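The values are calculated or read from the model by the stated rules, or taken from the named source; none is laboratory data. The structure presented is a predicted model; accordingly, all values stated were derived computationally and were not measured. Glycine gets a Cβ as well: all are built from the backbone with ideal geometry, and neighbour counts include every protein chain shown.
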Amino acid sequence: MDKQTAENQIKALVELLNQYGYEYYVLDQPSVLDSEYDEKLRELQKLEQEFPELVTVESPTQRVGGAPLDAFKKVQHNVPMLSLGNAFNEDDLRDFARRASNGTDKPVVFVCELKIDGLAISLTYENGKFVRGATRGDGTTGEDITNNLRTIRSIPMTIKEKQTLEVRGEAYMPHKSFLALNEAREKNDEEPFANPRNAAAGSLRQLDPKIAAKRNLDIFLYGVGEWEGNTITSHSGRLEKLKELGFKTNPEWRKCSSIEEVLEFVSYWTEERPNLSYEIDGIVVKVDDLDQQEELGYTAKSPRWAIAYKFPAEEVVTKLREIELSIGRTGVITPTAILDPVKVAGTTVQRASLHNEDLIREQDIRIGDTVVIKKAGDIIPKVVRAVTEQRTGEEQEFHMPTECPACGSELVRLEGEVALRCINPSCPAQLMEGLIHFVSRNAMNIDGLGEKVIIQLFQEKLIHTMADLYRLDKEELLGLDRMGEKSVTNLLEAIEASKENSLERLLFGLGIRFIGAKAAKTLAEEFETMDNLQQASFEDLIAVDEIGDKMADSIVQYFSEDKVTELLNELRHLNLNMEYKGPRKSELAQDTVFTGKTVVLTGKMEEFSRNEAKELIESRGGTVTGSVSKKTDILIAGEDAGSKYDKAQKLGIEIWNEQQLKEAVEG
Ligand SMILES: [Zn+2]
């Protein structure tokens, strides 16, 4: 194909695919099947591969293009992004409406909109092309997150007219994406996000756009900062125009000519809120007429022509049917309330942790009680209190058992702890939790071995100890639910590869009490082999920085168990690496300029990659952290250093350039 033909074809495909994307992501009205879209996309990819010089920024293949950044650049908002004043009840709303009416001569019309619980962002278009996206930041200065915003498919790369404007909206994570993300995080032993807003913000503040791309974010646009040559005179007119230009706007807005209509809108959405596929935390009310907006003006902090009504935290009532006990990896028994299923803030809740017996006693929660449930941080279900007025006398007080529900051994309360524990090392419930921990991301990091697979393997009696994992064979795995040839091969490869892990992963994976990932790393660095660690005395251990009495005790106790010696011998026999593979302390110079220093890296360096620089500093006894604080000793700044540089200067922290780093490393 000649270049001219290719160019024409690419142009036509990009236009067609962007139209399909608009119908799918913005209008939610796809006109073609996914398979047809995919086919055209492949066609485009093929052409672009053949003629890489013809790839344009508008191409749907370029949504996830940018390389990971070292830091975000700052963006100045020419028109400040102000936050709105809040209303918490009907009276506040009536006051707002009265003040607005008194502040202007003509009658006031309001526009009510859903207040999306996400992250406020600004998108700049020049001559119809998307050029920059930024966070709200402090209202005057935000961060340039263009690459991350490009990954949101409902943000158009070009709009339908060659306009220059800065449009504002809320990026958010739909419920579906949020639940899937948290499920995946929990499987990986990562802290789940507290709510969709945190998840959206966390995703957009990732330096690597590939992460944001995976998070399935969406956006609603609702306002404009600067708009060249615009003559629209009302907020509602702007909303309509934004939609016409190809932006995704929220359809659920309404013009209200009286406060009564506003209150009606508020009460309707207070009820309907759980049926939305995304989180809203209130209603925004704005004066529609832009001249009236100008007339009303601003207070020091927020406009007088708009207010945000916030929903109260939702509390619902349900029955507590039962209190179930779950057993953790370390044997801790946690009571969990089993509830009659009830919808709270958008999701159905059936379980809530009750933490421990003392707390249940304190709150006087009984089995059979009617209880009030709410979501802490709007996501983690919590039993607030029992409705004692509704007791019938049938309710039963809860008592912790004296024996482990899984293995029957006697439970103990360790000194200084509230929790009860099963201390039987062969307790099946603990073994299973221990295996889940062993394969998790910060431990042996075995891909494809999630919680569900472990539970299955355990229940089928294919594994009992960690060593058994390394004895699994293909036939056994093929017998499991949803395990095909390909996933079995991948899984066996991942298990095999984990044998090569550096010592700290195994050490953390063993699940020794009080030994987290960080302590495991310290121990591996210090003792270098499992043998050395097994022979270490209490004194040897506490001589190490960061290892306290409690940890040392726990380690000595752990390695003194015959079962542990046996397990480690088995693992050795199965060829698991038992040595630390990182830079060895014993090989390092005694003292370097970095010893004991906390160092932050920023900007682009010519000679070192970020990782190389980090390793060089760490192997010389320094610690590299991500952000500048009072504890930072040295900031090493490459080209284009941004906010970290400013902050370090402000705090009077020593600042080096790349040359100084090079000299320090070579000297
Ligand atoms: Zn037990």
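Do we find a residue being closer than 21 Å to Arg94 by Cβ, in contact (Cβ under 8 Å) with a residue 24 or more places away in the chain, of a type in the set (Phe, Trp, Tyr) and not in a strand (DSSP E or B) anywhere in segment 274-287? No, segment 274-287 contains no residue that is closer than 21 Å to Arg94 by Cβ, in contact (Cβ under 8 Å) with a residue 24 or more places away in the chain, of a type in the set (Phe, Trp, Tyr) and not in a strand (DSSP E or B). Of the residues that make up segment 383-401, is at least one in contact with a strand residue (DSSP E or B) (Cβ under 9 Å, 6 or more places away or on another chain), within 28 Å of Lys550 (Cβ to Cβ) and not assigned by TED's automatic domain parsing to the domain that holds Ser277? Within segment 383-401 (the criterion being in contact with a strand residue (DSSP E or B) (Cβ under 9 Å, 6 or more places away or on another chain), within 28 Å of Lys550 (Cβ to Cβ) and not assigned by TED's automatic domain parsing to the domain that holds Ser277), the answer is yes, since at least one residue qualifies.
Quick check on this structure: which one of Ala345, Ala337 is at pLDDT below 90 and surrounded by 18 or more Cβ atoms within 10 Å (Cβ to Cβ)? Outline the logic, then answer.
On the way: Ala337 fails: at pLDDT below 90.
Just a single option satisfies the conditions, and that option is Ala345.
Counting the residues of segment 141-177 that are assigned to a loop (DSSP other than H, G, I, E, B) and either under 13 Å from the mean Cα position of the chain (by Cα) or buried (at least 16 other Cβ atoms within 10 Å of the Cβ) (or both) gives 13. For the criterion of being closer than 22 Å to Asp218 by Cβ and in a helix (DSSP H, G or I), Leu17 passes. Being assigned by TED's automatic domain parsing to the domain that holds Lys521, within 33 Å of the chain's Cα centre (by Cα) and within 16 Å of the ligand (Cβ to nearest atom) is the requirement here; does Phe438 meet it? So Phe438 does not fit the description; no.
Return the residues of segment 503-525 that are in a helix (DSSP H, G or I) and either on the phi > 0 side of the Ramachandran plot or hydrophobic (A, V, I, L, M, F, W, C) (or both); say none if nothing qualifies. Leu503, Leu506, Leu507, Phe508, Ala517, Ala519, Ala520, Leu523, Ala524, listed by residue number.
Hey, among Glu295, Glu260, which residue is in the same structural domain as Val111 (by TED's automatic domain parsing), in contact (Cβ under 8 Å) with a residue 12 or more places away in the chain and over 32 Å from the mean Cα position of the chain (by Cα)? Please lay out each step first, then the result.
Working: Glu260 fails: in contact (Cβ under 8 Å) with a residue 12 or more places away in the chain.
Result: Glu295 is the single residue among Glu295, Glu260 that is in the same structural domain as Val111 (by TED's automatic domain parsing), in contact (Cβ under 8 Å) with a residue 12 or more places away in the chain and over 32 Å from the mean Cα position of the chain (by Cα).
Among the residues of segment 486-515, the ones that are within 30 Å of Leu414 (Cα to Cα) and over 28 Å from the mean Cα position of the chain (by Cα) come to 1 in all.
Consider segment 475-491. How many of its residues are charged (D, E, K, R) and without any contact (Cβ under 8 Å) to a residue 12 or more places away in the chain?
Step one: list which residues in segment 475-491 are charged (D, E, K, R), which gives 475-476, 481-482, 485-486.
Going one step further and asking which of them are without any contact (Cβ under 8 Å) to a residue 12 or more places away in the chain, we end up with 475, 482, 485-486.
Within segment 475-491, residues that are charged (D, E, K, R) and without any contact (Cβ under 8 Å) to a residue 12 or more places away in the chain number 4.
On inspection, Ile365 passes the criterion of being buried (at least 18 other Cβ atoms within 10 Å of the Cβ), away from the ligand (no atom under 16 Å from the Cβ) and in contact (Cβ under 8 Å) with a residue 24 or more places away in the chain.
Restricted to segment 558-667, the set of strands (runs of 3 or more DSSP E) holding at least 3 residues that are surrounded by 15 or more Cβ atoms within 10 Å (Cβ to Cβ) and not assigned by TED's automatic domain parsing to the domain that holds Leu503 comprises 598-602, 634-637.
For segment 389-424, enumerate the residues that are surrounded by 12 or more Cβ atoms within 10 Å (Cβ to Cβ), more than 16 Å from the ligand (Cβ to nearest atom) and in a loop (DSSP other than H, G, I, E, B). Listed by number, the residues that qualify are Arg391, Glu395, Phe398, Val418.
Being in a strand (DSSP E or B), hydrophobic (A, V, I, L, M, F, W, C) and not assigned by TED's automatic domain parsing to the domain that holds Gly642 is a property that does not hold for Ala180.
Annotation note: of Glu433, Glu496, Glu476, Glu500, the sole residue that is away from the ligand (no atom under 16 Å from the Cβ), modelled with pLDDT of 90 or more and not in a loop (DSSP other than H, G, I, E, B) is Glu496.
For segment 267-288, the count of residues that are more than 34 Å from the chain's Cα centre (by Cα) and surrounded by 20 or more Cβ atoms within 10 Å (Cβ to Cβ) is nonzero.
Being in contact with a helix residue (DSSP H, G or I) (Cβ under 6 Å, 6 or more places away or on another chain) and of a type outside the set (Gly, Ala, Ser) is the requirement here; does Glu500 meet it? Working first, answer last.
Working: in contact with a helix residue (DSSP H, G or I) (Cβ under 6 Å, 6 or more places away or on another chain): no; of a type outside the set (Gly, Ala, Ser): yes.
It is false that Glu500 is in contact with a helix residue (DSSP H, G or I) (Cβ under 6 Å, 6 or more places away or on another chain) and of a type outside the set (Gly, Ala, Ser).
In segment 26-34, the condition of being among the acidic types (Asp, Glu) and over 24 Å from Phe247 (Cα atoms) is met by no residue. Only a single item in (1) within 16 Å of the ligand (Cβ to nearest atom); (2) among the charged types (D, E, K, R); (3) not in a loop (DSSP other than H, G, I, E, B) is not met by Arg329, and it is number (3).
Filtering segment 401-430 to residues that are modelled with pLDDT of 90 or more and of a type in the set (A, V, I, L, M, F, W, C) leaves Cys404, Ala406, Cys407, Leu411, Val412, Cys422, Cys427, Ala429.
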